[in-house]
Structures are given as C-alpha cells and as structure tokens.
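Working notes, structure below.
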Amino acid sequence: MAQPFPYTYYACDCFDSNTAASASRAAQTPADDEDARTFDPRSPRSNYALYPLEHLLYCEDCQQIRCPRCVIEETLNWYCPSCLFEVPSSVVKSDGNRCTRNCYNCPVCTSPMTVSSLEKPTEPSATGGPYILACPYCHWSTVEIGIEFEKHTGITNQLSRIANGGKTLPTQKERDKERERRKEAEARGGIGGRDILSGSEDSPTRDGEGNAAPPGHDDIFSNLSAFYKAQMQAQTPSNPFSPHDLNFSSPSTYSRIMNLYSSTASKKQKREKPALMREAASALEGLALHDPASDIAAIERIKKEGWASTLSPARKLAQLNPHVRFDSELRPTASLLCTKRGKRCRSCRHILSKPESKITSTRYKIKLLALNHIPRLSLRALSPATTTTTPGPSHPPFNYNALRPGIPIHFLLHLSNPLFDPIRVTLATPSTTPGAIASRITILCPQFDVGANTDVWDDALSSSLSPIAKRSGDAQFEAGKIYDRGRNWTAVVLEVVPGFVTPLGGKRDEADGDVKGGGEVDADLLEIPVFVRIEFEADVSVEERGLGDSRGSKGEKERREEAFWTVLGAGRIVDV
Amino acid sequence: MSRPSARKPATKGEYIETDSGNKVSRRSAITGTANITLGGRTVIMADVHLRGDLHPTRPVPSSSGKEVTPTSISIGRCTVISTGSVIKPPSRISRGQVHYYPMKIGDNVFVGPHCAVSAISISSHVHIASHVTIHAFAIVKENVKILPHTVVPANMVIPSGSVVGGRPARVVGEVGEGWGVSGGGAGGGLGVGGGGEEKWVEGGDLRELVRSIK
Ligand SMILES: [Zn+2]
Ligand SMILES: [Zn+2]
Ligand SMILES: [Zn+2]
Ligand SMILES: [Zn+2]
C-alpha cells in the first residue's frame, strides 16, 4: 500500500541478515560489519522489513519491535465478511472456509452479489420469485448461466442443486445411492469392476439419465471419496476414525490419510503387512479418463466464439472447479471467511495483541503497540509557508512529487516521544542515499533530547521554565541546534540535495552506475534511511522486569537503549 | 509548527460555525437542511453537496401522532466532508416509485475530496481517501480505510478493520493494531497521519483536524 509523501517506515530487524543478498553487498565493502552497514531501502529484502508504525507491535519482555513476520498468529474465530456471521470452527472444518449462507461474489469482477427478484408485476408469484444472483457492479447474473432460484434464502443449498443451464444436480445422498445402484447393476451384468479402463464408453447402465455428458467435477470427487472411504474401511476394520468424522473435503482428514499411508508403509507395526491399497480403477470409483474429444470440442468452441468466451487466469483461479475454461461454466463463488486473530511474540510467546472475540466488537483485550514505545518520526518540507506564523493561501502547498535535483531542500524531522521518561536521541544517516540517484543528506542536529510524555498540563508549566526555541520567521538552520521543541517532541532540520535523475546531468559515476540507473523502478524515489538510537532511564518496576529482577529494586532507575532503522519517504525527484 | 493558537475572532471567513461547533462552508450546497443532522464539530467543506432533500417519503409513524420531519442524512461528531464530495442518500425503485433511505455517518469519519457517497451507513473512525465512489446501500463498518479511487459496489459490506481498494472494491489488507491511535506522542506536535504533516491520524480522533480548519 503506497502511502502519500512524506511517510516513515520502520524497519524490524528480525530478518536473517546472513543472506546472499546482504553477503554480496558486504563483499563489495569488506570493511562493513553488520553494525556499520547502512540499511538500504532499495534492497528487495527491505520490502519485508519496513512497516508503518501502526502495524508494529512491541514485546515488553524482549524489549523489541515485533512486525507481522516475528509474531505468531492464533485464530480466535472465523466470520463471513459479508453477512458478518461467526462460523464455528467445527463448521469450518466440515464445510470449508466459505460462507454457507447467501453470500456470493461475482465470478467476473469479484463484487459481492445480491439476490434480486425476476418477478413480473403482471404475473406475481407466491414466493415473489424467481430469484437470481446479480452483480451490482458489472451486471453479470446467474441468468447468463441459466440459473434461477425459487426462494431468496438458502442460496447455497439451492445453488448446490442446480447445474449451469438449470438442470437439477443430485445431492450427496442421491449420488451415493445412484453409485450403489450402478455398482450392483454392473456386478449383475457381469462387467468386472476393474476393466472399465476401455475408454469412457457410456455403459448401458446409465439408464434413465441418458445424458452422454462426462461426470462432473463433483461426481468424480464424490466417487473418489467414497472409493477411498471404502478402501480404508476394508483396510482397517478397527477404524481409528469414527465414520462420521471422515470428511473428505477437509485437508486435515487428507493429512490423516497420508499419515495412515506412511504408518502402514513404515515397518514399525510388526503385524501382518496389510495389502496395498489399490487406486481407483473405474469411473464409479472416481477414475476420470481424459477424453480427447473434449479438447476438440473446446477448440471448436474457441474457433466459433473466440477468446472472449474463455476465462482469464484470475477468473479461472477464483473458481472452485479449477478445470473450467469457458464463461458459460462460471459459478458464483461463495465468500471466503475472514478471521479474528491474536498475536504472540515469536521468541518469548507472550501475547502482544488479543482482540475481543465477539465479531461486532472492535476492542482489544491486549494490545501492545510499538507506537507507545518507540518515538514517532515524521517529516515535512520546511517551505516558506510553514516558517511564517501566518500560513496564507499565497503559498502553494509543497509538491513532494516534484523535488528538483541539485537544489537544497530543508525538511523538518519531527520526533515525538511516547514514553514517560525523557529520551536522548541520536540520529544517523548515510551522507548520500543508496541507489542510482545519490542525494546528499545532512541532519543539522543529529543528537538532541526529547521531553517526556507527561501530562498535557505539565506542558504549560514547564514551558515557562525551559525557553522554547523562538519561532520567528528567520530560518534557524544552524548546525548543532534543534529547530523547535515542545512538551514531548523535538524538531530538527534535515537538508537534502536531491541527485540528478539522468546520469548525463554532470553525475560522474563509475561504470556500474549506468547499469544501476536508467531502467530501475522507482529510481526517482527519494527515500532516506535514518538510524535512530534512543537512550533513557526508566523506572525498574515490578511489572516490567518480572519477578526475577524485581527484588529490592523499587524506585531504581535503569538505563535503557533502543535502536532501529527507519526510512523516510521524502518524495520523488523530477528529471530536468 | 502551527500549534493551536488562540482562536481568532470570527471574521466573515470561509466557514459558518454553529452553536455545536459544526463548521459549514459558505460555498457548500446543502439542500433539505431540515432533514440533515450534524453531530457537532463536524466540517462541511466547500463544494460539498448534501442531498437532504432526498428523504424517505413513507409516513413515519410517531408515538405522538404528530408529523415528524424525516431524517435523510445524519452525520456524527468530528466528521470531515472534504471539498467537492457529494453525499446522497441511497434509493431503491419499488413498484415504479423511487424511495430514499436515511443515511448515517458516524463520528470521526474523514471523507476525502471529490467522493460520491451513497452508503446506507458508515461507522465511526473510517477514513475515505479522495475520489472514492460508494454506491447505494453499502455498509462500511468501524475502522476501515478506503484507498483513493476505489469504487465500492452497491450493497457491499466492508467488515471492520479492513483496507479496501480497487474497482470494484475488495479487501486488500487490514489496518494495523495501531489504527487510529495517536500514541500519546502526538500532542503538541505535528507528525502523524498518512501525510505526516497533520496533527491527526487516519481513523483517529479528528478533533485537531477540525480545529485547524478555518
Ligand atoms: Zn520482525
Ligand atoms: Zn456470509
Ligand atoms: Zn461482477
Ligand atoms: Zn517477546
């Protein structure tokens, strides 16, 4: 998510620095050891380390920032983002991670669909129907795949019974019954259950149905799952799984089946070796043979209707059946469920955040935010409009998207302290930004103090004591002096001379400079890595230090230190 | 560096300030004023169009039997509707007639410039970026961020804590745990929010922002 300029990202140093990428960089400058290395916001790895402050948590035990990569998530509950109903975990296990109410997304544009009535005012029906699922965004509807519903509720149930075109689909029970019936018929007819490999010939047992269509995705799946079920029952008469627990649509069951396979394969059990499970060998057992005729039919159809009738990869992947090819095969997709999650520190397992489990609640039981523990840095341009006390409309707002190369720009770096103790801050930045366009960076006052985050009213009292830097119109760009300060914040000036975008513009670079410049994405982005180190004396309190350290240390102060990299997004450099 | 200085005497400026602290631009277009409620300290900027005239026409049953003015738009406290946005209550055609439904916008909601909003409800602490279209009957829950140029389709429900973007809108992420928390460190300084210039955070308390609008 791109943020508007200026922004600040904070780096979590949880990533393993001993990687190929950083090693190669270290090889270029062998003197660099890990502490001395400059954080490079342009490194691909940095994508995974930089976060806005509000996304970071803080572990008070480890005294460290915790980013989404160094926390462990625990799912508290599942809910549908559309109808906001909570789905019990047992239902998630049995029915999968989609809403089973009336929530569907458009298979064409992903917009949530609505149930609309097709009732004609001239001939009103008792139920107000027929109903369809319609997309309010792209106006695709189930009419295009020939599906209408009788009722406006229980769409999932109704949809599972209707095939595209309006034909009724059998239920699971009917499928099972039909399979049994046909198996019996096969056995009676003397056709060996295993030699149907002779092609996809429609056996004469397909009476009644009379359709030559190959079995659908669901048919194959239910046949296959019934076959595996039967195999396993035959294999292990004392079935460790109770039959009702065997649901083949859940991945956990599959993993248990896999375990079963591996445990029978391993020779730990010294009982008589069970016979090998065979694979499905007939259509009734879920064997699907590829029929070249279907390919020819597909090619013919593309010839006739063109590419427009085929599905884009995104639409195809969004479908439950990944083998669909044409837009006439689309089905509305049930909404994916969302989760509410708690987070723990990956190294010490302490809870860092825990929302209230109620779906409607937005409150947290526990929430340890980084922004309550580390200072917030913010940048803004020190344009004439902001130095004068009367901001007038005469000054146009500073355009962060058009920084002019070669001309020094003064930014104000503002640091506010959330801690209840005053902090001493040391900032460090490379003299030029990494990357193809080297911009010169100078922090005029890299070391300064920031007041404690005391009560707001203390501000009024303390302001009379410590003379706050004058805020006159004169720019105070004196090196070593802060620009301004308040109760719990201090502002310093950052001077930036943006580099030239085009290497021709007097930039005498080494040979590799040409390779690096030019085509690089976001080469014009001015991102300034700033290393922040804070020192402060904190009360050693019982809660903070834990029982082990708490003995007799009440009222004592301890020196603490915190250090992290940040990246300030200052804007984009224009090409002149 | 403009700390909240003493409020200037009310000269004839851009905004008309009501008793409850609402600031309504003289250049805004508000129709059907009687059907609009503003919670206080709410800002309506220039060229904003509030369509209060599009109110429910069905008779509202009241206990006293008296005729009550129907509400078409109710906006909470410390909410900011930025320049050029149009707030239009959602409507539905039923038996050949257009029916309007009352729209509710919560507290501390930021609606960016040039948006078109027809949601049925927007909960509190929602940040809507610029050029966003929200179609009729959409429901936006608490603590939601809508990215610029998003089109929220009709009837969509946006669950709380999500970041949505795209056309049509889909949930592209979650706001962090620190969404709307100014961190105690914001007082007296600048420095928070998406832009880094403002004294407020997206999804947070917009009082400072409201105060700074003059
Ligand atoms: Zn991390
Ligand atoms: Zn649902
Ligand atoms: Zn659609
Ligand atoms: Zn920890």
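The values are calculated or read from the model by the stated rules, or taken from the named source; none is laboratory data. Every value quoted in this text rests on a predicted model; they were computed, and no experiment measured them. Note that each Cβ is placed from the backbone with ideal geometry, even for glycine, and that neighbours are counted across all protein chains shown. Accessible surface areas use protein heavy atoms only, side chains included; no ligands, DNA or RNA. Shrake-Rupley method; radii C 1.70, N 1.55, O 1.52, S 1.80 Å.
In the set B:G191, B:G187, only one residue is more than 21 Å from the chain's Cα centre (by Cα), buried (at least 24 other Cβ atoms within 10 Å of the Cβ), at the interface with chain A (Cβ under 7 Å from one of its Cβ atoms) and modelled with pLDDT under 90; that residue is B:G191.
Determine, yes or no, whether B:G166 is open to solvent by 20 Å² or more (accessible area, probe 1.4 Å) and at pLDDT 90 or above. Yes: the conditions hold for B:G166. Looking only at segment A:342-361, filter to residues that are part of a loop (DSSP other than H, G, I, E, B), under 12 Å from A:I72 (Cβ atoms) and over 19 Å from the mean Cα position of the chain (by Cα); which one of those is farthest from ligand 3 (Cβ to nearest atom)? This residue is A:C348. Any chance you could count how many residues in segment A:422-475 are outside the structural domain of A:F536 (by the TED database) and modelled with pLDDT of 55 or more? Counting residues in segment A:422-475 that are outside the structural domain of A:F536 (by the TED database) and modelled with pLDDT of 55 or more gives 0. Only residues that are open to solvent by 70 Å² or more (accessible area, probe 1.4 Å) and either touching a helix residue (DSSP H, G or I) at 6+ places or on another chain (Cβ under 8 Å) or part of a loop (DSSP other than H, G, I, E, B) (or both): list them for segment A:154-173, please. If the condition is that a residue be open to solvent by 70 Å² or more (accessible area, probe 1.4 Å) and either touching a helix residue (DSSP H, G or I) at 6+ places or on another chain (Cβ under 8 Å) or part of a loop (DSSP other than H, G, I, E, B) (or both), then A:K167, A:T168, A:Q172 are the ones that fit.
Restricting attention to segment A:336-353, the residues that are buried (at least 18 other Cβ atoms within 10 Å of the Cβ) and at the interface with chain B (Cβ under 10 Å from one of its Cβ atoms) add up to 5.
Filtered by the rule that a residue be crowded, with 21+ Cβ neighbours inside 10 Å and more than 10 Å from chain A (Cβ to nearest Cβ), segment B:119-143 gives B:A119, B:I122, B:V126, B:H127, B:I128, B:V132, B:I134, B:V140. Restricting attention to segment A:56-68, does a residue exist that is away from ligand 4 (no atom under 16 Å from the Cβ) and within 12 Å of chain B (Cβ to nearest Cβ)? Taking every residue of segment A:56-68 in turn, none turns out to be away from ligand 4 (no atom under 16 Å from the Cβ) and within 12 Å of chain B (Cβ to nearest Cβ).
Only one of (1) over 10 Å from the mean Cα position of the chain (by Cα); (2) open to solvent by 30 Å² or more (accessible area, probe 1.4 Å); (3) touching a residue at least 40 places away in the same chain (Cβ under 8 Å) is not met by B:H99, so which one is it? For B:H99, the exception is condition (2).
Of the residues in segment A:359-366, at least one is within 16 Å of ligand 2 (Cβ to nearest atom) and either small (G, A, S) or farther than 30 Å from A:G146 by Cβ (or both). When restricted to residues that are within 27 Å of B:V152 (Cβ to Cβ) and surrounded by fewer than 19 Cβ atoms within 10 Å (Cβ to Cβ), segment A:142-151 contains 2. The lone criterion from (1) more than 16 Å from ligand 3 (Cβ to nearest atom); (2) within 14 Å of chain B (Cβ to nearest Cβ) left unmet by A:E178 is number (2).
Filter segment B:79-96 down to residues that are assigned to a strand (DSSP E or B) and without any contact (Cβ under 8 Å) to a residue 12 or more places away in the chain and give me whichever is most open to solvent (accessible area, probe 1.4 Å). Among those residues, the one meeting the criterion is B:I93.
Table: residues versus (1) over 18 Å from A:S431 (Cα atoms); (2) at pLDDT 80 or above; (3) touching a strand residue (DSSP E or B) at 6+ places or on another chain (Cβ under 8 Å).
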position: A:T8; (1), (2), (3): yes, yes, yes
position: A:C12; (1), (2), (3): yes, yes, yes
position: A:F15; (1), (2), (3): yes, no, no
position: A:A21; (1), (2), (3): yes, no, no
position: A:A26; (1), (2), (3): yes, no, no
position: A:D35; (1), (2), (3): no, no, no
position: A:T38; (1), (2), (3): no, no, yes
position: A:P44; (1), (2), (3): yes, no, no
position: A:P52; (1), (2), (3): yes, yes, yes
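Going by the conditions given, is A:P107 within 16 Å of ligand 4 (Cβ to nearest atom), within 14 Å of chain B (Cβ to nearest Cβ) and not basic (K, R)? In short, no. Return yes or no: is A:H323 at pLDDT 85 or above, of a type outside the set (G, A, S) and on the phi < 0 side of the Ramachandran plot? No; evaluated as a whole, the condition is false for this residue.
Cβ contacts < 9 Å: first residue more than 14 Å from chain B (Cβ to nearest Cβ), restricted to segment A:111-134; second residue modelled with pLDDT under 80, any location; separation 6+ or different chain. Result? As it stands, the answer is A:L118/A:G129, since those pairs meet every condition given. Considering A:T333, A:T362, the condition of being closer than 29 Å to A:T114 by Cα, open to solvent by less than 80 Å² (accessible area, probe 1.4 Å) and touching a strand residue (DSSP E or B) at 6+ places or on another chain (Cβ under 7 Å) is satisfied by A:T333 alone.
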